[in-house]
Every structure is written in structure tokens, then in C-alpha cells.
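The values are calculated or read from the model by the stated rules, or taken from the named source; none is laboratory data. Note that the structure is a prediction, hence the values are computed from the model and not measured. Note that we place each Cβ from the backbone using ideal geometry, even for glycine, and neighbour counts take in every protein chain shown.
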Amino acid sequence: MIPKTTGTDLRAQKNAIRAEYKKRRAALPEDLKAAYDTKICTQFLASMTYRYAEVLLLYAPMPGEIDILPIAKDALRHKKTVAFPRCHTESCEMTYHIVTSLDDLKPGAYHILEPDAALPIYHAEHPIHEELRHAVCLVPGLTFDTEGYRIGYGKGYYDRYLPEFSGVRVGTIYTDFILPVLPRGRFDLSVDILVTEKGVQAVHAK
């Protein structure tokens, strides 16, 4: 395990890794990426984590990100509660809004598909949702490490949201994009599970 660091050195380390894995991801052949994305969705849909999930907090993929929309379609078909994030750019925070169809998603911040602001917000502690105990949040990343820590785009949306989320955190990532250890700060959180094109595995942060 590497020591948690802060300040300029940490930002420089993360930015270097971020730039490298953006390039690696962009270099993936389209047909290989599509095959990997399909396998990741298949692996997750076959998992016990998904089977017992009552709430799925998902994301609409940016260009290059793992396409998990087949998971959303399956969850909606099975009448699970499905929510997508809406980004608030001034605060770099996000709220999850419950959708009943992928048609509820429209281009929003950063040209990412988002739910309309008028759709109901998912609050785990809200009386409407308090009986939905099994919530799962799928978290994208440019790279993860074997302890479940991630490097994203650096905006901090998930860093701000995840501390308030008490469900299962699932990272979606290609196997070759998992590193032994990533630089991390004291506010960084790990996911509980990594799902790749090769399978689903629990991780144990130290």
C-alpha cells in the first residue's frame, strides 16, 4: 500500500496517469472495446450483486467510457429502480434522478445524457425509498487499482457523492486498466467491487 499524499505532488501524479489512460482508452480498437463492454455488462448482470439490487445508480457513458446502458435496459425490464446522475457544474456535485425509460435522458452538462431536473431525486433516506435496502452504484473510471481506488476526470463529482452513499460501490473497468496501486489522497474512497470483461471481484481497501 502506498501512503496517502496531498498537494501538488498528488495532483501531478494523478494528472500524469489520467493523461496516459485517456490515450490508452482512445487507442482501443472500436470492435474490441464493444466486445469488452458487452462482456462487462454480461458479467455484472450474472452477478449476485445485480440479482439482489433493488436500486441501480448508473451513468450514461461519455465517449470512450464503458457502455453500461444494456444494464439499465435489463434493470428497467425487471422493474428495478434506476437512476442516472445530473451534474451541477457550479458546485461539481450531482443528484441522481429516477427514470422509467432511457428516453428520459437528454444531453446535458459536458454533452452527457442526463435525466430531466423535474424527475424525482433518489434519496436513500427518503421514506419513499427507505425499504429499498439493496442499492448499487456503478462508478466509471479511467483506471482503478487492486484495492478499488480510482482516477477519473478530476472534477470530483463521485468523490463528493459517494461518502453519502451507503450501498455497494461497483467500479467498471477493463482488466488491462487495473494497476497494482494508485496515488490517493485522504478524501479518496474505494469501490467495493470491480467488474471487468473477465469477471466480478470483491476488493479490500487498506
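Quick rundown of the values:
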quantity: Residues satisfying the stated conditions in the range 32-49, i.e. under 16 Å from Pro61 (Cβ atoms) and of a type outside the set (A, V, I, L, M); calculated: Lys33, Tyr36, Asp37, Thr38, Lys39, Cys41, Phe44
quantity: Residue check for Tyr96: under 25 Å from Leu142 (Cβ atoms), crowded, with 16+ Cβ neighbours inside 10 Å, in contact with a Phe, Trp or Tyr (Cβ under 7 Å, 6 or more places away or on another chain) and of a type outside the set (Lys, Arg); calculated: yes
quantity: Candidate set from the range 157-187 (those that are over 27 Å from Arg51 (Cα atoms) and modelled with pLDDT under 90); member that is surrounded by the most Cβ atoms within 10 Å (Cβ to Cβ); calculated: Gly185
quantity: Number of the exception - Leu132 against (1) closer than 23 Å to Ser47 by Cα; (2) modelled with pLDDT of 95 or more; calculated: (2)
quantity: Residue selected from the range 24-75 under the condition among the acidic types (Asp, Glu) and not in a helix (DSSP H, G or I), by the criterion farthest from Leu142 (Cα to Cα); calculated: Glu54
quantity: Single residue of the range 135-146 satisfying the filter (modelled with pLDDT of 95 or more and of a type outside the set (Val, Ile, Thr)) that is farthest from Cys87 (Cα to Cα); calculated: Asp145
quantity: Matching residues, the range 51-83, being of a type in the set (Ser, Thr, Tyr) and under 23 Å from Ile112 (Cβ atoms); calculated: Tyr59, Thr81
